[in-house]
Structure formats: C-alpha cells, structure tokens
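Every number in this text was worked out from the coordinates using simple rules, so none of it is lab data. Because the structure is a prediction, the values reported are computed rather than measured. As a convention, Cβ positions derive from the backbone with ideal geometry for all residues, glycine included, and neighbour counts pool all protein chains shown.
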Amino acid sequence: MAGNDGRRGAVRKPGSKKGATVGTGGHSRRRLEGRGPTPKAEDRTYHPAHKRKIAREKREAQEAAIARARAKSSIKVPEGYELIAGRNPVAEAVRAGVPLSRVFVMGNVKDDRVEEVVRQATALGAPVYEVTRRDLDVATDGAVHQGVAVEVPAYEYSDVADLIADSVQQVNAPLLVALDQVTDPHNVGAVLRSAGAFGADGLILPERRSAGVTTTAWKVSAGAAAHVPVARATNLVRALEDCKRAGFFVVGLDGGGDVELRDLELATLPLVVVTGAEGSGLSRLVREKCDQVVSIPISSVVESLNAAVATGIALYEVMSVRRAHEG
C-alpha cells in the first residue's frame, strides 16, 4: 500500500496516560504576594533616619539620667532662678549687688572670695548651705564651679530705649555693642568681658535666634555681666534704627567689609559695633542698616574669627583711637 513503508506511527507508551502533571503548586503566586507594610525609615538599620533615632534615644537616656541625678541632689533651683557658679563670677555678682537667694559651698573650700560671699550672704539674711561636690556637679551640669555657687533671680534685661538713653548721657562718646544671631553663650560672655574691658556702655541682643545672659555667659564674662547692661530687642533692625535716630553710627564687622578696621573714621563718634555669627556673618537686613562695614585683616591660613574675638579686636581699636584723639 502506498506510503506504508512499515514505520510505526505515534504510539503512546504504556503507562503514559495523559493527565495532570506536577506544577508550581502556587509557589509563584505566593512569591508575588505582598510582604506587609514598609517599615518606617527609622526602623531600617541601613537608613540615616535609624542613626538619628539611635542618637535621639541615647540623648533622651542621658537627659533622663541627669533628671534622676537632680532628683537626688540637695540643690533644687526653683523656676525663675538660676545658679552662678565659680569663685570670680560669684564674687563679682555679690559685689555688684545682685540679690542672693541661697549660697551653696563645699565644706573644704578656703578662699577669700568665697568668705566674702558668705559674709555678704549672712549680712543679707540669705541662707548658706554646705553641699557636696556631686551636688554642685549635678546642679551646674558639670560646669567648673570651684566649690561655690549662688542662687539668684534670672538675669534682668534692660529696655533698649533706656539703654540708648543712658548711654548718650555719658561724658565720652557712647559706645554700644550688638550681636546678630550669635547663639553660643560662651561668645556672649566673652563679648561682655571685652565690652567691660574696653569701655562699652551696653550690649544689645535679639530675643530670637540668640543666646542670652545664661549661667555660662556669666561665668565666661568674669564678672562683667554685673557691670555691663544688656538689653534684648524684639527686632534688632528696629533697635539699630532707634540708635541711629539717637545720633549713633552703626558699624558692622564682616570679612567682606568696605574698609579695614584700622581705617575706620567713625571711631570717635557715637557708635554701635555690630557683629554677626561666625560663618554666616551679618544678616542682610542688619547689614543694610550699617553706615559702614569694616573687616579685620587676618592671615590666609585662617578662614574667619569668631564673634567674641572679632568684637574684642574692634572694641580695642575704637578705644585706642579715642584715647589718641583725647591726647
């Protein structure tokens, strides 16, 4: 028969009955199913937010430990009061007539300044307590207290208008200092110290984005905070405008100044020296209110001076020019 060459056709093998075969069993579908909500960024160990979370928890733990330590300390400072610590700052505060609430002294401290403080406190009827080093360490947040601290009412700021009015009544040309967005209390204290040393009549600080006269500033000022009045301005630009209306010239310190400090021609006139924060410098609006912006020449290996150093140099230069002019 044609085409019949004797070859076998397709023959199903015995036992190979066609039917269901072994498949995935749904494995692929399960692989495509969701794994639940995505964890928060702070819970993912590889995410930067996780590191910030760990740092925050560590900081909170430290703050809680300090709070527990304070709870065990014999020194409890009520709201509205603060501590001034250190032998010089305490003695200067007492000499300046700062009202004392309480005095805390370690039993083994022998120093003329401390004895003076104790005598003054006794005369004023302020109680004197003997405390341990640990009590003072905790109460002052680990500051160098030298075994003595006094509790005083929170610093009382002057009014800007009163500060301006009092300064223009001075025999010599008035000299004020203003700080623009300086947030480090160490700088505020150092500026107060320079202001006291070089004859400034007062300091103006903004109420916002600025450090105030804290315990740290008191200590760094080495007592100058008791002698140099400080005013807090709601708006620094407006305060500078008030100074200009009272006859002051405003001089700003900035690395990109119009002239160098040694060429300042306004030094003998009523003056407000304004210093900005290190790095950012003077804010735009404050700079616009300056009659002149001066710079301090420095070596190229140093990028800038901090606010306290720059202010001290400027005040020294102004004082030197004034003394030379008087002579």
> Going 7 Å from the Cα of His227 toward and past its Cβ, which residues in the range 74-96 have a backbone nitrogen under 20 Å from where you end up?
Replying inline: 84-96
> From the phi of every residue in the range 93-104, what ³J(HN,Hα) in whole Hz does the Karplus formula 6.51 cos²θ - 1.76 cosθ + 1.60 yield, where θ is phi - 60° and glycine or proline is x?
Replying inline: 4, 5, 5, 7, x, 5, x, 9, 9, 8, 10, 10
> What residues have an amide H closer than 5 Å to that of Val131, excluding those fewer than 5 places away on the same chain, when H is modeled at 1.01 Å from N in the peptide plane?
Replying inline: Val105, Met106, Gly107
> Rounded, prolate or oblate: which fits the range 114-160, taking a ≥ b ≥ c as square roots of the Cα gyration tensor eigenvalues, rounded meaning a/c under 1.5, else prolate when a/b beats b/c?
Replying inline: oblate
>> Compute the distance from the alpha-carbon center of the range 242-265 to that of the range 217-233, in whole Å.
In response: 23 Å
> Taking the Cβ-Cβ separation of Arg44 and Thr183 as r and a Förster radius of 35 Å, what is the calculated FRET efficiency to the nearest 0.05?
Replying inline: 0.60
> How far is it, in nm, from the label point at Arg59 to the one at Glu241 when both lie 7 Å from their Cα along the line to the Cβ?
Replying inline: 3.6 nm
> If R0 is 45 Å, what FRET efficiency do you get for Ser280 and Glu116 from their C-beta distance, rounded to 0.05?
Replying inline: 0.60
> How far, in nm, would the chain grow between Ala161 and Ala96 when pulled straight, counting 0.36 nm per residue and subtracting the alpha carbon separation?
Replying inline: 21.1 nm
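State the extension gain, in nm to one decimal, for the chain segment bounded by Val321 and Glu79, taking 0.36 nm per residue of separation less the distance between their alpha-carbons.
Length gained between Val321 and Glu79: 82.6 nm.
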>> Can I get the semi-axes of the range 225-327's equivalent ellipsoid? Compute them from the C-alpha gyration tensor as square roots of 5 times the eigenvalues, in angstrom, largest first.
In response: 20, 19, 14
> Distance from the Cα centre of the range 278-327 to that of the range 113-155, in angstrom?
Replying inline: 37 Å
> Got a sec? How would Ile75, Ile298, Ile84 order by Cβ neighbour count within 10 Å, fewest to most?
Replying inline: Ile298, Ile75, Ile84
> Dimensions of the range 190-261 along principal axes (Cα, Å, largest first)?
Replying inline: 34, 29, 23
> Sorted from fewest to most neighbouring beta carbons within 10 Å, what does the list His50, His145, His325, His227 look like?
Replying inline: His325, His227, His50, His145
>> Could you tell me which residue out of Ala314, His325, Val294 lies farthest along the dipole of the range 277-327 toward its positive end? Charges go on the beta carbon: Lys and Arg +1, Asp and Glu -1, centred on the Cα centre.
In response: His325
